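Enquirer: Supplied in structure tokens, the structure appears directly below.
The values are calculated or read from the model by the stated rules, or taken from the named source; none is laboratory data. Treat the numbers as computed from the prediction; the structure is a model and nothing was measured. Methodologically, a virtual Cβ is constructed for each residue, glycine included, from the backbone with ideal geometry; neighbour enumeration extends over all protein chains shown. The accessibility values were calculated without ligands, DNA or RNA, using every heavy atom of the protein model including side chains. Shrake-Rupley method; radii C 1.70, N 1.55, O 1.52, S 1.80 Å.
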Amino acid sequence: MADQSHAEDASAFFLPGSYVWLLLDTIRSWEITATDLLGPLGLDENEVLAPHARLPLDVIRNIVRRARDLTQEPGLGILVGLNTRPNSYGFLSFAAMSASSLGEAVDLIVRFSTVVSSAFRIRLNLVDDLAGVVVEENCDDHDTRDILLLGLLVGLRAVGCALTGREPWRPIDIAMPEPPYYRRLAHLVPELRFNQPVNQLVLRASDLELPLLTPNSMALRLATEECEKGLAVVGGQPNIEDALLQVMLREDETLPFVKVAAALRVSPRTLRRRLAASGLTFSQLTQKARCERAVLLLSSREHSLEDVAERLGYSTLSNFVRAFQKWTGMTPAAYRKRAAERLPVHLPLRR
């Protein structure tokens, strides 16, 4: 579904200097130094690589373009993702590493992701026995989109595997066309499914209960406090769209307006005023939540189309089919068939 925020000025968004560290570590095998990468761009290494550096998205794009040109590797995003470590992103990484379960780590990433970057928004979609870690792009109309997006999604998977010592992440849905280089690198990440309605990592809900290898309650407390401080600095409290979607995607039913307002601890009048100020309507966000829930449910053949329609609150299958076509341009049956052809949904959980 279209997102109005994609049209926003890219200068409003940032990524951390730690991303450049990660990029440099990834291209080290090409014998490229920080001076090689940053010098011709007129960037000061000390400023770019400072521990708390936050770099405008336009600056990151220029760095990524230069890295791609120097390496002549168009698939850098996949390589960056595979090279991502649990400690790649500062205090948020330390908080996630110290959590007791994968679900707790995901909750921390959802809560504090804006401390690391404002270019993406992350939320958790829970429905029946499935979970989707959804990544929404705030600005996707640029030539480095594939590198940044694939790096994040593949990186999240790599971190989840490292934290649990297992491979719980199953399909990775990508809301962009398959790039020409993917087939050459597909053996590294065969889980990718392109041309999907949303960006998400698909899991079983039970995967969220997997214990982490390095739980530490004291470290978690200290790292969380630092993340709270960072959130205050960037003003990263959820906007009204994110707040509503976070409520809608974690409930077992399509909530009416009054219940959503109650869950957000505001009056219906205040919620209407905030929605009007953002240029959004409750109906738009309800449809967006339904679309994301439908895509997740359709990723499993354990749910019939009739079950999915009923689960989303549609009185008839035909009503659901019409809505899904409006959201994605295809019928639910066609979407399920195409997704199954691209990747077996029930990938084994390797232990």
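Enquirer: Wrap a convex hull around the Cα atoms of segment 73-129, take a quarter of its surface area, and give that in square nanometres.
Expert: The number I arrive at for segment 73-129 is 5.3 nm².
Enquirer: For segment 169-283, what are Rg and Dmax over the alpha carbons, in angstrom?
Expert: Considering segment 169-283 through its Cα atoms, Rg and Dmax are 19.3, 54 Å.
Enquirer: What is the Cα coordinate range of segment 67-218 on the first, second and third principal axes, sorted by size from largest, in whole angstrom?
Expert: So the extents along the principal axes, rounded to whole Å, are 44, 33, 29.
Enquirer: While we're here: Less than 30 Å apart at the alpha-carbon level, and either on another chain or at least 8 residues along: which lysines does that give for Lys337?
Expert: Lys288, Lys326
Enquirer: Got a number for the accessible area of Cys227? Probe 1.4 Å, square angstrom, nearest 10.
Expert: Cys227 has an accessible surface of roughly 0 Å² with all protein chains in place.
Enquirer: Given the peptides 294-300, 329-335, 119-125, arrange them by the average over their residues of other C-beta atoms within 10 Å, most packed first.
Expert: 294-300, 119-125, 329-335
Enquirer: What percent of all Cα-Cα pairs in segment 1-153 falls into each 5 Å bin, going from 0 up to the bin containing the maximum distance?
Expert: Percent of pairs per bin, in order: 1, 9, 17, 22, 21, 15, 9, 4, 1, 0, 0.
Enquirer: Rank-order 311-318, 59-66 by packing density, defined as the average count of other C-beta atoms within 10 Å over each peptide's residues, highest first.
Expert: 59-66, 311-318
Enquirer: For segment 47-103 and segment 294-308, what is the separation of their Cα centres, given in Å?
Expert: 34 Å
Enquirer: Mind checking Rg over Rh on the chain, alpha carbons, Kirkwood formula for Rh?
Expert: Using only Cα positions, Rg/Rh for the chain is 0.96.
Enquirer: Taking the Cα atoms of segment 188-251 alone, what are Rg (to one decimal) and Dmax (as a whole number) in Å?
Expert: 16.6, 42
Enquirer: Give a residue-ordered list of calculated ³J(HN,Hα) values for segment 40-49 (Karplus: 6.51 cos²θ - 1.76 cosθ + 1.60, θ = phi - 60°; whole Hz; x for Gly, Pro).
Expert: Those phi angles translate into x, 8, x, 9, 7, 4, 5, 6, 5, 9 Hz.
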